Amino acid sequence: MIRTILHVDMDAFFAAVEQRDHPECRGKPVIVGSDPRDGRGRGIVATCSYEARKFGVHSAQPISEAWRRCPQGIYVRGDMAKYVRVSERIMAIFLQFTDRVEQVSIDEAFLDVTGSRTLLGSGIDMARNVKQIICQDLQLTASVGVAGNKFVAKVASDLQKPDGLVVVEPGREQEFLAPLPIRRLWGVGPKTEEALSRLGIRLISDIARMERAELALRLGQSGEHLWQLAHGRDDREVSPEEGFKSIGHETTFDRDTGDRRLLHDTLLELTEKVSRRLRAHRARGRVITVKLREADFSTSTRRTTLPQPVDTTEKIFPVAWRLIQGLMRQGKLVRLIGVYASHLATPEEAGQLPLFEPAPERDRKLAQAFDKITNRFGDHSITRAALVPPRKK
Ligand code: TTP
Ligand code: MG
């Protein structure tokens, strides 16, 4: 079966929201960052409007450098909570088209709309509609790529930014990718790019032309992977619960249950496992997803994006419990529940995202102390007084 996958990515996301909310910024170079007025180089550019990009301003640049290139720009401090709210509305729009939505970052998602074609039209129809609804409801523009797999859809969405729509018909993937530089391939960073360019390999077509075995010989496993991508092949699924990377736990009850206390305590235990694993990996998650399966196997998920990445039960559990309660239906018994943290960042990465501030130190120390004790005495040695179970109705 030929799949239809959309990759949607908002244009100049934080800056576009600011231009929308402050009409005096429209049509002007707008730079969003932490510490924007600090010309001495402490702040970092989160993003900037397309007007500012003409001056050579870009994400992750020191504000001082942006200032040097574009002193006439409008410099604003971002409002992360607002962007998260807008992001949630965007993700909700995607769910009108399919429940197979994989959020990749705050402003970007894959949609597997294969199953929606009979009802909602072709890939290009759905792409146009997604763009139109985002524009009408949120006064923002998105760029969309439509293709038979994730990789090609992602490349396509980026090609005509801003307000782009690029469709790659099935069977034309290789032709579409051929003239593009190899850095467009997933897994080709600056180092690989340099190594390959020394061999005269600069375009995706150069890789597609190579013998598969030769590429594998030179680059090992990633050679095989690049060869597949260069031919426009990518069979990874759009996976709603997983997101980009995730840590999760789920459990099936011995007997289907409607007991809220049991559900609460089980979810708390699962959350505890997730947060311990997050800390063990020195990672924090920004998206919390819960899953609930009813006795008849009908399964639903719900997720929320947090303003800051988290790795503690104190932060994750209240969110997860609220989401689970939203999924529970009167009189329906529950077979399975699960909780996942995704869109993971290491503390270092979280620090690089200028607007995501690290979790309070106090919270972390508490969690670390807790880990030490549970690691020594097993999972059940401490119960948290802070997390009081709900009163039975
Ligand atoms: P991107 O989608 O990479 O960028 P963008 O939406 O601003 O612009 P484009 O039109 O090229 O897609 O990132 C989405 C948001 O994430 C961006 O608006 C701000 C935030 N961000 C950071 O805070 N730091 C960063 O280094 C990057 C790349 C993005
Ligand atoms: Mg974007």
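The values are calculated or read from the model by the stated rules, or taken from the named source; none is laboratory data. Note that this is a predicted model, so its numbers are computed, not measured. Note that each Cβ is placed from the backbone with ideal geometry, even for glycine, and that neighbours are counted across all protein chains shown.
Going by the conditions given, is Ala142 more than 15 Å from the chain's Cα centre (by Cα), within 15 Å of ligand 2 (Cβ to nearest atom) and more than 23 Å from Gln19 (Cβ to Cβ)? No; evaluated as a whole, the condition is false for this residue. Yes or no: Val101 in contact with a Gly (Cβ under 7 Å, 6 or more places away or on another chain), touching a residue at least 12 places away in the same chain (Cβ under 8 Å) and buried (at least 22 other Cβ atoms within 10 Å of the Cβ)? In short, no. Say whether the condition of being touching a His at 6+ places or on another chain (Cβ under 8 Å), closer than 19 Å to Val238 by Cα and not polar (S, T, N, Q) is met by at least one residue in the stretch 119-140. No, the stretch 119-140 has no match at all.
Residues that are within 9 Å of ligand 1 (Cβ to nearest atom) number at least 1 in the following helices (runs of 4 or more DSSP H) confined to the stretch 1-90: 13-21, 50-53. Counting the residues of the stretch 154-179 that are within 18 Å of Ser122 (Cβ to Cβ), aliphatic (A, V, I, L, M) and in a loop (DSSP other than H, G, I, E, B) gives 1. Summed over the stretch 115-142, the residues that are loosely packed, with under 13 Cβ neighbours inside 10 Å and within 16 Å of Ile5 (Cα to Cα) give a count of 2. The set of residues in the stretch 143-169 that are free of Cβ contacts under 8 Å to residues at least 24 places away in the same chain and surrounded by fewer than 15 Cβ atoms within 10 Å (Cβ to Cβ) comprises Gln160, Glu169. Considering the stretch 34-71 alone, what residues qualify as being away from ligand 2 (no atom under 16 Å from the Cβ) and at pLDDT below 85? Answer for the stretch 34-71, where residues must be away from ligand 2 (no atom under 16 Å from the Cβ) and at pLDDT below 85: Ser34, Asp35, Pro36, Arg37, Asp38, Gly39, Arg40, Gly41, Arg42, Gly43, Ile44. Looking at the stretch 253-266, can you tell me whether even one residue there is exposed (fewer than 14 other Cβ atoms within 10 Å of the Cβ) and under 24 Å from the mean Cα position of the chain (by Cα)? No: zero hits. The residues of the stretch 180-193 that are modelled with pLDDT under 90 and either assigned to a helix (DSSP H, G or I) or crowded, with 17+ Cβ neighbours inside 10 Å (or both), listed by number, are Val188, Pro190, Lys191, Thr192, Glu193.
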